[in-house]
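Chemist: Submitted below is the structure of interest, expressed as structure tokens.
The values are calculated or read from the model by the stated rules, or taken from the named source; none is laboratory data. Please read these numbers as outputs of a predicted model, since none were measured by experiment. Positions of Cβ are generated from backbone atoms using ideal geometry, with glycine treated the same way; all protein chains shown enter the neighbour counts. Ligands, DNA and RNA are excluded from the accessible area calculation, which covers all protein heavy atoms including side chains. Shrake-Rupley method; radii C 1.70, N 1.55, O 1.52, S 1.80 Å.
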Amino acid sequence: MDLVQLREASGKGLSYNNVRVKCGDKAYFGWYRVVLGGSESYDNCSVTLAGKESSFSANVCYRLDGTEKYDLNCEAVHTGKRTQSAISASGVLADKASKLMRGTIDFRTGCSGSVGNETEDVLLLSEEVRNQSVPVILCSEEDVVGNHGASIGRPDEDMLFYMETRGIDEATACEMLARAKIDSVIRKIPDELVQEKIRDKIHGKTRQKKLEGE
Amino acid sequence: MKENKTYVEEGDRSFYDFRYEDKDSYKVASGLTPDIIRQISREKKDPDWMLEFRLRSLDIFAKTEMPNWGPSIEGLNMDNIVTYVRPNTERMHTDWNDVPEDIKNTFERLGIPQSERESLAGVGAQYDSELVYHNVRKEVAEQGVIYTDLESALRGEYADMIRSHFMKLVPPEDHKFAALHGAVWSGGSFVYVPPGADVEIPLQSYFRLNAPGAGQFEHTLIIVDKGARLHFIEGCSAPKYNVANLHAGCVELFVGEDATLRYSTIENWSKNMYNLNTKRAKVEKGGKIEWVSGSFGSHVSYLYPMSVLAGKGARCEFTGVTFAGAGQNLDTGCKVVHNAPDTSSYVNTRSISKSGGISTFRSAVVVSSKAHGSKSSVSCESLMLDSESRSDTIPAMDIRTNKADVGHEAKIGRISDEAVFYLMSRGLSEEEAKALIVSGFAENVSKELPLEYAVEMNNLIRIEMKGAIG
């Protein structure tokens, strides 16, 4: 099963989103979460891989401006044998936005042959953003492989320089990098129609911001 | 699959388990009361401000909650812990021959005087609550380096310096066991390295807790002044008893401008020890702190050396290995606060769990809004040797500026069967092959230690890995 969830930029007030899934033998669950704004958003996605060879893939992307806040908890609990999880989060923080991500891969005793991967990639566009990450791996089984990698920072200097030599100013270059980051997740959504709809929403947000700027 | 596995049993740790009776020593009653604190303070001939500080800390201890987020410390009953045990010697010695026979034998067996002759610039030896021996090589002393026990320093010409630094980095309000330390601290070393001095060979303090049911609360205060360099080694061990022992030491390190301090620890407390130690360093402009940490012993550990990078261009390197065997719950890691521009930190740790041991890596990297141009990289790898054990990785990052680069990677896995098979095909037994692989896994730490200590660490790994093949 695939679940695609979108939090639109115009979302005001609090948003609580709680997803709990239990996977049986050879079952697959894919979670695609796109957060384009909203003053305060809280997401929890907890997946138990109970069946043999079940798998879970989480693909989260977010783009936060102003004083928007995003709090994400994503958990993969491996109890079945030869289960697989991949948690991937990619996002952009601008202005005074803040984000907290807790990602947990929990290998329980008996889940032999399981593999869990977690990656996070955050682009920070302002000096006043706040990014908090707590990637956790819990393990009580010997025969597993768990990996986590995170990269948090500003746009790559070399890349910005290259773009400037091509006549693209820094602000536009940053915007392009931010869109590329979000798009890398949107491309994975298995329905092209849904992909297009989400891209339209992103354009809408960019247009609105431009108008506000003018 | 199961019948092909190797079962590694507990190794022989008796090398560290010898003990001597403590019948001749002076000790206070167990538990914590203002009267006991006054008694300790009287025994130690504290200045008045220190007695006040101790009583204030006791008050904070009583008001502070036990930590509720780490390994259980329910087996630790403070009413049963003796907080001050003076060994059977009236004063600290500077001649090894004057140290009482049984204490001397203890340190001889641990190889301390031998390593002093061979590879150290100075040695301090603490037995229970007091330093029994302190000596520094003439050529090091001639550079103006001060290496002495904290009590004498508290009353000598460095009294003001001690007062302005003592528990300023780790205030008693920090946590419950920092408050306990403030109330009952005893022993430990004071090191001052003057500007520009370069101490090429390391200084070492060795802490031995002999009395059952006792606590050790030594305080290490090191000030490395502008442009100076120092390598300080700390070693700890204790014989095993059936009652809980407690170690709540405190280490405060002040690294001046462009100074470098390497602080190495090989901790091998016995497996009835609660090791609730606090270590913290403040690094000024252009300075560097290097932590090298090996945690092998104790029943429960909470140990997270912290580095505050306070000056522009300050750097921190943390290299650690933790080995948790049967009955051990070792919660270790580190904290780094980047609070100035162009600071950098590099954290590289390994943890190994076997026979039901629990190892947890916990870290925090904070990059404040002042830390423009800072870089941080954290890498932790865990090795599980069986499925009775547990290995958790809990790193946290809090980044408050976009002008910083922060990276983190963690891996968890097992020893590859192919590697064991290859080594066995070269004539090694399965046990030797696994010990060799674990030693290689912990190489990040052993390669940072002086040769004698790297050998000792590899011996510890072999002791831990030794056992019958099932």
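Chemist: Looking at the stretch B:170-239, what strands (runs of 3 or more DSSP E) fall wholly within it and have at least 2 residues that are open to solvent by 10 Å² or more (accessible area, probe 1.4 Å) and modelled with pLDDT of 90 or more?
Modeler: Once the strands (runs of 3 or more DSSP E) in the stretch B:170-239 are filtered for at least 2 residues that are open to solvent by 10 Å² or more (accessible area, probe 1.4 Å) and modelled with pLDDT of 90 or more, what remains is B:229-237.
Chemist: For residues in the stretch B:289-299 being crowded, with 22+ Cβ neighbours inside 10 Å and either charged (D, E, K, R) or touching a residue at least 40 places away in the same chain (Cβ under 8 Å) (or both), which is farthest from B:N458 (Cα to Cα)?
Modeler: Across the stretch B:289-299, the extreme among qualifying residues is B:H299.
Chemist: Do we find a residue being acidic (D, E), facing chain A (nearest Cβ under 7 Å) and open to solvent by 60 Å² or more (accessible area, probe 1.4 Å) anywhere in the stretch B:416-430?
Modeler: No, the conditions are met nowhere in the stretch B:416-430.
Chemist: Go through the stretch A:115-214 and tell me which helices (runs of 4 or more DSSP H), entirely inside it, have 3 or more residues that are open to solvent by less than 50 Å² (accessible area, probe 1.4 Å).
Modeler: Helices (runs of 4 or more DSSP H) meeting the threshold: A:170-186, A:192-213.
Chemist: Just the residues that are out of contact with any Gly (no Cβ under 9 Å at 6 or more places or on another chain) and either open to solvent by 30 Å² or more (accessible area, probe 1.4 Å) or facing chain A (nearest Cβ under 10 Å) (or both), please, taken from the stretch B:345-358.
Modeler: Within the stretch B:345-358, B:Y346, B:I358 qualify.
Chemist: Still on this structure: Which residues, counting only those in the stretch B:30-78, are surrounded by fewer than 16 Cβ atoms within 10 Å (Cβ to Cβ), of a type in the set (S, T, Y) and either under 21 Å from B:N275 (Cα atoms) or touching a residue at least 12 places away in the same chain (Cβ under 8 Å) (or both)?
Modeler: Hit for the stretch B:30-78 is B:S72, nothing else.
Chemist: While we're here: Taking the stretch B:265-279, which residues are surrounded by 22 or more Cβ atoms within 10 Å (Cβ to Cβ) and in contact with a Pro (Cβ under 8 Å, 6 or more places away or on another chain)?
Modeler: Passing the criteria: only B:K279.
Chemist: Regarding B:Y302, is this residue surrounded by fewer than 21 Cβ atoms within 10 Å (Cβ to Cβ) and not assigned by TED's automatic domain parsing to the domain that holds B:K447?
Modeler: no
Chemist: Among (1) within 19 Å of the chain's Cα centre (by Cα); (2) more than 8 Å from every other protein chain (Cβ to nearest Cβ), where does A:R154 come up short?
Modeler: Result: A:R154 fails condition (2) only.
Chemist: Next up: Just need a number here: residues in the stretch A:61-107 that are farther than 27 Å from B:S369 by Cβ, part of a strand (DSSP E or B) and of a type in the set (D, E, K, R).
Modeler: 2
Chemist: Can you give me the number of residues within the stretch B:381-413 that are crowded, with 23+ Cβ neighbours inside 10 Å and more than 9 Å from every other protein chain (Cβ to nearest Cβ)?
Modeler: Residues in the stretch B:381-413 being crowded, with 23+ Cβ neighbours inside 10 Å and more than 9 Å from every other protein chain (Cβ to nearest Cβ): 1 in total.
Chemist: Can you work out which of the residues in the stretch A:18-60 that are part of a loop (DSSP other than H, G, I, E, B) and polar (S, T, N, Q) is surrounded by the most Cβ atoms within 10 Å (Cβ to Cβ)?
Modeler: A:S54
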